[in-house]
1. How large is the charge dipole for region 266-345, taken about the Cα centre, if only the Cβ atoms of Lys, Arg (+1) and Asp, Glu (-1) carry charge, to the nearest 20 debye?
2. So for the chain, averaging the separation of alpha carbon pairs under 8 Å that are six or more residues apart and normalising by length, what relative contact order in percent results?
3. Just how large is the dipole of the chain about the Cα centre, in debye to the nearest 20, putting +1 at every Lys and Arg Cβ and -1 at every Asp and Glu Cβ?
4. What is the gain in length, in nm to one decimal, between Leu437 and Ala401 on full extension, counting 0.36 nm per residue of separation less the C-alpha to C-alpha distance?
5. Remind me, relative contact order of region 21-99 in percent, using alpha carbon pairs under 8 angstrom and six or more residues apart?
6. Which residue, Pro427, Ala453, Phe393, has the largest displacement toward the positive end of the dipole of region 381-503 when charges sit on each Cβ (Lys, Arg +1; Asp, Glu -1)?
7. Can you give the FRET efficiency for Tyr423 and Ala320, using 1/(1 + (r/R0)^6), R0 = 51 Å, r = Cβ-Cβ distance, to the nearest 0.05?
8. Neighbour counts of other C-beta atoms within 10 Å: give me Lys477, Lys85, Lys160 arranged from fewest to most.
Amino acid sequence: MIALGLLGAALLLHGATAWRYGYFRDELYFIACSKHLAWGYVDQPPLVAVAAWLAAPAGYQLVALRALPILAAGGTVYLAVRLTKELGGGAFAQMLAGVATLLMPAYLLLGNTLTTTSLEPFFWTFAIYLTIRLVRVPVAARPRLWLALAVTVALGAYAKYSIVLLVGALIAGLLSTRERGVLRTPYALCAAGIVLLLLAPNLGWQAAHGWPFFEVVRGDAAHRPSFANGLTLEYRDLTNNATAFMLEQLLYTNPLAVPIWLAAIVAPFRLTALRDLRFIAVAYVVLFLAAVALGAKGYYIIGVYAALLAMGAVAVERVAAPLRSALFGALAAVAVLALPLSLPVLPVEGLVAYTTHLGLTGRDGSPAHLIQPVFAEEFGWDRLSQDVARVYFALPRDVRAHTAIYADTYGDAGALDFFGSRYGLPPAISSQNNYYLWGTRGYNGSTLVAIGATRIDLLRRYYRSVTVARTSAEPLKWIVEGPAPIYLCRDPIAPLSEIWPHLRWYGA
């Protein structure tokens, strides 16, 4: 009953708020990808594009677009409670794990936005759940669990390739403990074969296109800007990035949930009932160190924490009732106070006022701003399309016929494709990620309306005339991006088809 009740609460919470703000930049890109369905994309597996494609009959309305993340968020809470119960946790442990998972800041944000990470907590939690079951059930029951685990890993990889890190960490954890015996079976090799078979279409796509995802990873590592408020959470320097990575684990999971998931790492070495789960503790350490060594962003291992909260809640339940109740109450209170920063429960003006009241913005007489980066990226897209349309339709009719709308990022391109038709704009082109593969749409490049500043120096190499025609500004999105300049590029030194390969860039 606890699992079903918290599952319902999660679905209700996300369903009631998912419509409130606007489209996140990546969502607009996924909508564009959904109109070019394929087994793979330059920068992601195909499941997010399929999720966007499923929302097409509903006109890509926000709740429909975010339906799979909402279901995944509810499913993650359900799995966390079920796992807690299977590990011997009583009602308190189940409530603690369920509420901590439901109100985890990162999970709230992911359940309300369609991103490649949105489905990760569900698939990671299910994979860990199945692995624990493999360790604990009789040998005769293992074949079907191996099959379920193989399908889960494959689907998780179709959502985000990072599940490979989890699989590697779990194998390392099993090999380093007495539970390694679960791997001494032909079913383990069969499961690996099933995963590869299921992933073959996607791997084939990547191979056919020269493995572009690895170039995306390199480009992403090289491009780690600070936010406009001076906050930097991602560094190229390994030491600084490791420090930021550790800090983000505290912020993303709720600082008061940290004792719970830390208990999950210690408890298997202290409690007899959890001794066979030492491989999970080892797996987390391996996962953490691997992520730090690879210079990963803080949210890259976020999927592991629901299972750790389940294990930790079983340990915390053994603590004296006053202490555990105090922890539960404090965790819930902090989560509720932080809720508007992870979930759009307030109108955006109310959120700005709330963060001002908390002293997070508007200090020392400075203007108050929207400080949540993801929320900030949900505003300004329609305005950008209007501003581009004003520049485009100011051109003579005969010039417009040969003028391409070029956006230097996939987010701007996706926004112009989605909102631009309202204002009569043609489909956009872009040289970033999968937009590059979709090409120039037949434009000769004699005139470009170019949006954004990241590629403008490169465009100046190929166009003799580059002038600023207008600037599109959205105050709410200041923290990630400033005003977007709109350029008119004329008199190219070569046809766009020849220039195009030089404009390509893969990365975030």
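1. So the magnitude is around 140 debye.
2. Details: 858 pairs, mean separation 91.4, N = 508.
About 18 percent, as a whole number.
3. About 980 debye.
4. Details: separation 36, 0.36 × 36 = 12.96 nm, distance 2.26 nm.
Contour length minus the Cα-Cα distance gives 10.7 nm.
5. Details: 52 pairs, mean separation 15.2, N = 79.
Relative contact order here is 19 percent.
6. Phe393
7. The pair Tyr423/Ala320 has a calculated efficiency of 0.20.
8. Ordered by Cβ neighbours within 10 Å, fewest first: Lys85, Lys160, Lys477.
Since every read-out is calculated from the coordinates, none of them should be taken as a lab result. What you see is a predicted model, and the numbers here were worked out from it, not measured in a lab. For neighbour counting, all protein chains shown are included, and Cβ atoms are generated from backbone atoms with ideal geometry for every residue, glycine included.
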